[in-house]
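S.K.: The structure follows.
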Amino acid sequence: MPFVPPKKKLKKSDYDAELERLQIELVKLQEWIKQEGLKVVVVFEGRDAAGKGGVIKRITEKLNPRISRIVALAKPTERERTQWYFQRYVAHLPAEGEMVLFDRSWYNRAGVEHVMGFCSDDEYEEFLRSCPEFERMLKRSGIILLKYWFSVSDEEQEKRFMERINTPIKRWKFSPMDLESRSRWAAYSAAKDRMFAYTDTKQCPWWVVDADTKKKARINCISHLLSQIPYQDIHYPDIELPEVNKEGYIRAPEENQTFVPDLFADE
């Protein structure tokens, strides 16, 4: 058998340096998407507390929100429930020069909606039949579609749930659905397996991210995303800032302005 070198542990300093490097590359990718008029869709799915939000945050935090935006839809309205299922998602697809990241997506129907009984069996079966064709339509229209599934072990998920419950700034992340997901673990697992059987296609494959270690998952996912879209460096023209022309301007008296209280002494 060929020699496989042992995996290295990811030190914090190495993580910070690699994340900074990757975020610079993401900016280059963004500018290439804008220049070339690409249309990019990235779908993030997976178990609750698998770390999807953390990856999305690191991808977008240095990018222009007018070009790279996040779509995280709430539950459908009564009107939306009467529409063609994919209709509410189509409205958020990118125009030329845009990248859209779906923090959960149309795959809600294959997961939570099916397991929790929010859709009928007929609606669920129709989704499994029509989803691959819907995604092939997106590809034929020129959209670059990437799908990531974040996989997390039961032990790590429970650890993250407890952290959410006991940390005030994370408590909002824990929902009643998280409790239901634990009591219906087997049903969710079976739904995921069937979803993959129907929708892990040659044209639009699923990419599974091992998310037990958050930092590794972020680096691995971003690196893979960058490898899937060929791009080139954008060369910006040199800029020389001109002098500010203040001629004719008289500054308004500061006593007529209301300032936010300054909580710190001058250094």
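S.K.: Of LEU22, LEU26, which residue is crowded, with 17+ Cβ neighbours inside 10 Å, in contact with a helix residue (DSSP H, G or I) (Cβ under 7 Å, 6 or more places away or on another chain) and under 22 Å from ALA95 (Cα atoms)? Before you say what the answer is, go through the steps one by one.
M.R.: Numbers: LEU22 fails: under 22 Å from ALA95 (Cα atoms).
The conditions single out LEU26.
S.K.: Here is a further query. Checking the condition in contact with a Cys (Cβ under 9 Å, 6 or more places away or on another chain) and in contact (Cβ under 8 Å) with a residue 60 or more places away in the chain, which residue from MET195, MET177 passes? I'd like the intermediate steps shown before the answer.
M.R.: Working: MET177 fails: in contact with a Cys (Cβ under 9 Å, 6 or more places away or on another chain).
Matching residue, one of MET195, MET177: MET195.
S.K.: Can you tell me how many residues in segment 138-149 are outside any strand (DSSP E or B) and closer than 21 Å to GLY46 by Cβ? Write out each step before concluding.
M.R.: Step one: of segment 138-149, the residues outside any strand (DSSP E or B) are 138-142.
Next cut, closer than 21 Å to GLY46 by Cβ only: 138.
Final tally of qualifying residues: 1.
S.K.: Looking at segment 104-137, which of its residues are open to solvent by less than 40 Å² (accessible area, probe 1.4 Å), hydrophobic (A, V, I, L, M, F, W, C) and either part of a loop (DSSP other than H, G, I, E, B) or over 20 Å from PRO76 (Cβ atoms) (or both)?
M.R.: Within segment 104-137, ALA110, CYS119 meet the criteria.
S.K.: I would also like to ask the following. Which ranges mark the helices (runs of 4 or more DSSP H) fully within segment 167-267 that have 1 or more residues being touching a Pro at 6+ places or on another chain (Cβ under 9 Å)? Give the derivation first.
M.R.: Numbers: elements: 176-183, 185-199, 214-227.
Because the criterion is at least 1 residues that are touching a Pro at 6+ places or on another chain (Cβ under 9 Å), the helices (runs of 4 or more DSSP H) in segment 167-267 that meet it are 185-199.
S.K.: Then there's this: Could you list all residues from segment 83-100 that are free of Cβ contacts under 8 Å to residues at least 60 places away in the same chain and either in a loop (DSSP other than H, G, I, E, B) or among the hydrophobic types (A, V, I, L, M, F, W, C) (or both)?
M.R.: Here is the first cut: in segment 83-100, the residues free of Cβ contacts under 8 Å to residues at least 60 places away in the same chain are 83-96.
Within segment 83-100, GLN83, TRP84, TYR85, PHE86, VAL90, ALA91, HIS92, LEU93, PRO94, ALA95, GLU96 qualify.
S.K.: Scan segment 43-82 for residues that are more than 15 Å from LEU29 (Cα to Cα) and either over 14 Å from the mean Cα position of the chain (by Cα) or in a loop (DSSP other than H, G, I, E, B) (or both) and report the count.
M.R.: 16
S.K.: Identify, by number, the condition in (1) basic (Lys, Arg); (2) open to solvent by 90 Å² or more (accessible area, probe 1.4 Å); (3) under 22 Å from ASP48 (Cβ atoms) that LYS214 doesn't meet.
M.R.: (2)
The values are calculated or read from the model by the stated rules, or taken from the named source; none is laboratory data. In this text the structure is predicted, and so the values were computed from the model without any measurement. As a convention, Cβ positions derive from the backbone with ideal geometry for all residues, glycine included, and neighbour counts pool all protein chains shown. Just so you know, the surface numbers come from the protein's heavy atoms only, side chains and all, with ligands and any DNA or RNA stripped out. Shrake-Rupley method; radii C 1.70, N 1.55, O 1.52, S 1.80 Å.
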